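Just so it is clear, none of the values below were taken in a lab; they were calculated from the coordinates. Fair warning: this is a prediction, and the values are worked out from it, not measured in the lab. Using ideal geometry, Cβ is built from the backbone for each residue, glycine included, and neighbour counts are taken over all protein chains shown.
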Amino acid sequence: GIGAGIYYQPIQVPELEERIKKFGASINFHGQLSFDFIHKVDKYYVIECNPRATSGAHLLNQKLANAFFEQNTFIQDDGIAKTIKLPLALIKPKYLLDKLFYQAKDAIYDPKDIKPFLLQGFSIVEFFFLALRKGITFQQATTYFIEWNGQLD
């Protein structure tokens, strides 16, 4: 649907890794590059490349921090599905009956630092009020301030 993703199923595509490394080398890039792809009928399309960590950075956890101290690091996820469980349970409670929900690791919860998990409730409340104010769905509210709809308002 329309809105921010809250369930992430990692895939490994060696061809994309090679393309990304080749691109970085061809422009003699030093620093972070973040790519987003869309997969359509056995083909991958680059939809975005950013010279910084992007919103998926929370899925990399300590790997991202380690990249600042290691040269020529290519970071990939750990292969474990992740989700943002609290919003998913609130928006689509039917997923509480899906085994994938329980197999996925919560992308926000960390037993060493539970504050982000506990404080996400404030964000959820803000999204609900924004959705009510603007007459949009909760899911659309999650990207309301970060997407451009072609309008200057």
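Some points to look at:
- As a calculated quantity, the FRET efficiency between residue 118 and residue 13 at R0 = 35 Å, using C-beta atoms, amounts to about 0.50.
- Value of [θ]222 nm, deg cm²/dmol, for the chain, DSSP H segments ≥ 4, -39500 (n - 2.57) each, nearest 500: -10000 deg cm²/dmol
- Option label - log10 I(q)/I(0) by the Debye sum over Cα atoms at q = 0.10, 0.12, 0.17 Å⁻¹ computed here, alternatives [x] -0.35, -0.51, -1.02; [y] -0.46, -0.66, -1.23; [z] -0.45, -0.62, -1.00: [y]
- DSSP-assigned coil residues among GluC sites (Glu not before Pro) in the range 64-153, each with at most 12 further Cβ atoms within 10 Å: 70, 147
- Using 0.36 nm per residue and subtracting the Cα-Cα separation, the extra length available between residue 145 and residue 105 on full extension is 11.7 nm.
- Charge dipole (the chain, unit charges on Cβ, about Cα centre) - positive-most of 89, 67, 16: 89
- Sequence-distant residues sharing a close amide H with residue 105 (under 5 Å, placed H): 81, 82, 83
- Burial ranking of peptide ranges 129-138, 38-47 (average Cβ count within 10 Å, highest at the top): 129-138, 38-47
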